[in-house]
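Below: the structure, in structure tokens.
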Amino acid sequence: MIEIRVFTHPTCATCPNAIQMVQRLEAQDSSVQMRLVSLATANGREIAQSANVMSVPTVFVNETRFVGVPKWDELLEAVKYEKENL
């Protein structure tokens, strides 16, 4: 299973784009699972701090980090890399 963590906040204007992109990928690839982390919660802020997330959206494909909305091809490439290195 490849976990894609999406760090968001309710006031973030571009976060829905990042979420929709990962949902699209999740629908196409059963090995992908999205985990939303909201910085509107204390737990979410703790997780973000431990991952050095300074802005939203931030997307992690395991350890590969994208700040902002990732490009579709880059997201696919990161998932492909993770599959090859499981």
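Worth a mention:
- Scanning segment 69-85 for residues that are open to solvent by 30 Å² or more (accessible area, probe 1.4 Å) and without any contact (Cβ under 8 Å) to a residue 40 or more places away in the chain gives LYS71, ASP73, GLU74, GLU77, LYS80, TYR81, GLU84, ASN85.
- MET54 being closer than 15 Å to VAL67 by Cα, not in a helix (DSSP H, G or I) and not charged (D, E, K, R): yes
- Residues that are touching a Cys at 6+ places or on another chain (Cβ under 9 Å) and open to solvent by less than 40 Å² (accessible area, probe 1.4 Å), drawn from segment 39-68: LEU39, PRO57
- Within the option set ALA27, ALA13, ALA78, ALA42, being small (Gly, Ala, Ser) and touching a Ser or Thr at 6+ places or on another chain (Cβ under 9 Å) holds for one residue only, ALA78.
- Considering segment 1-20, and only residues there that are among the β-branched types (Val, Ile, Thr) and closer than 19 Å to ALA78 by Cα, the residue that is most open to solvent (accessible area, probe 1.4 Å) turns out to be ILE19.
- Take the conditions (1) open to solvent by 60 Å² or more (accessible area, probe 1.4 Å); (2) in a helix (DSSP H, G or I); (3) not aliphatic (A, V, I, L, M); SER30 misses just one of them, which is (2).
- Residue check, GLN23 of a type outside the set (Val, Ile, Thr), assigned to a strand (DSSP E or B) and surrounded by fewer than 17 Cβ atoms within 10 Å (Cβ to Cβ): no
The values are calculated or read from the model by the stated rules, or taken from the named source; none is laboratory data. Quick caveat: nothing in here was measured; it's all calculated off a predicted structure. Cβ atoms come from the backbone with ideal geometry, glycine included; neighbour counts cover every protein chain shown. All accessible areas refer to the heavy atoms of the entire protein, side chains included, with ligands and DNA or RNA removed. Shrake-Rupley method; radii C 1.70, N 1.55, O 1.52, S 1.80 Å.
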